[in-house]
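Structure record follows, encoded as structure tokens.
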Amino acid sequence: MGQTFNNLGGVYQLKGEWDKAIEFYNKSLKINEKIGDEHLRAQTFNNLGLVYKTKGEWDKAIEFYNKSIKMYQKIGDEHGMAQTKANIAILYKTQGKKEEARRLLEESLRTFEKIGDRPNAEIVREHLEEL
């Protein structure tokens, strides 16, 4: 159920129905907290960060991204941490915070290269070139 609610949140997010996406992501969080699925909780926090970023609620986005990073650190998911750091960096880039963005993008790039995730490493490189 938690994964299904998370997936539904993603569908509503793609449709641009932000409040519905948030509703389903929150349903996913409740179930995943209850059953102890920390990986899906971290992913859902990241997804909520993406929704709030898109809505222009940047402080709330950072709040959820930070929750995601803490959860990924707790479970040792380097890929998840790198993805979330890249998302924060892209938000910082949008805000004109180039130094913070560069630092996080470089951290993400090192991790993606270390774990062999070439597609995400290339995306991060493109964002670095735009700074």
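The values are calculated or read from the model by the stated rules, or taken from the named source; none is laboratory data. Bear in mind that the values here come from a model prediction, so they are computed numbers and not experimental data. In this analysis, Cβ positions are derived from the backbone assuming ideal geometry, glycine residues included, and neighbour counts consider all displayed protein chains.
At-a-glance table
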{"item": "Number of the condition not met by residue 42 [criteria: (1) closer than 26 Å to residue 95 by Cα; (2) surrounded by fewer than 22 Cβ atoms within 10 Å (Cβ to Cβ)]", "result": "(2)"}
{"item": "Matching residues in segment 89-123 - criterion: being touching a residue at least 12 places away in the same chain (Cβ under 8 Å) and either on the phi > 0 side of the Ramachandran plot or not in a helix (DSSP H, G or I) (or both)", "result": "117"}
{"item": "One residue from 48, 14, 29 being part of a helix (DSSP H, G or I) and at pLDDT below 95", "result": "14"}
{"item": "Single residue of 85, 93, 60 found to be within 26 Å of residue 129 (Cβ to Cβ), under 13 Å from the mean Cα position of the chain (by Cα) and surrounded by 15 or more Cβ atoms within 10 Å (Cβ to Cβ)", "result": "85"}
{"item": "Selection from segment 1-21 of residues that are in contact with a helix residue (DSSP H, G or I) (Cβ under 6 Å, 6 or more places away or on another chain) and under 18 Å from residue 57 (Cα atoms)", "result": "9, 12, 13, 18, 20, 21"}
{"item": "Qualifying position, being in contact with a helix residue (DSSP H, G or I) (Cβ under 8 Å, 6 or more places away or on another chain), outside the structural domain of residue 50 (by TED's automatic domain parsing) and farther than 23 Å from residue 48 by Cα, among 109, 104, 128", "result": "128"}
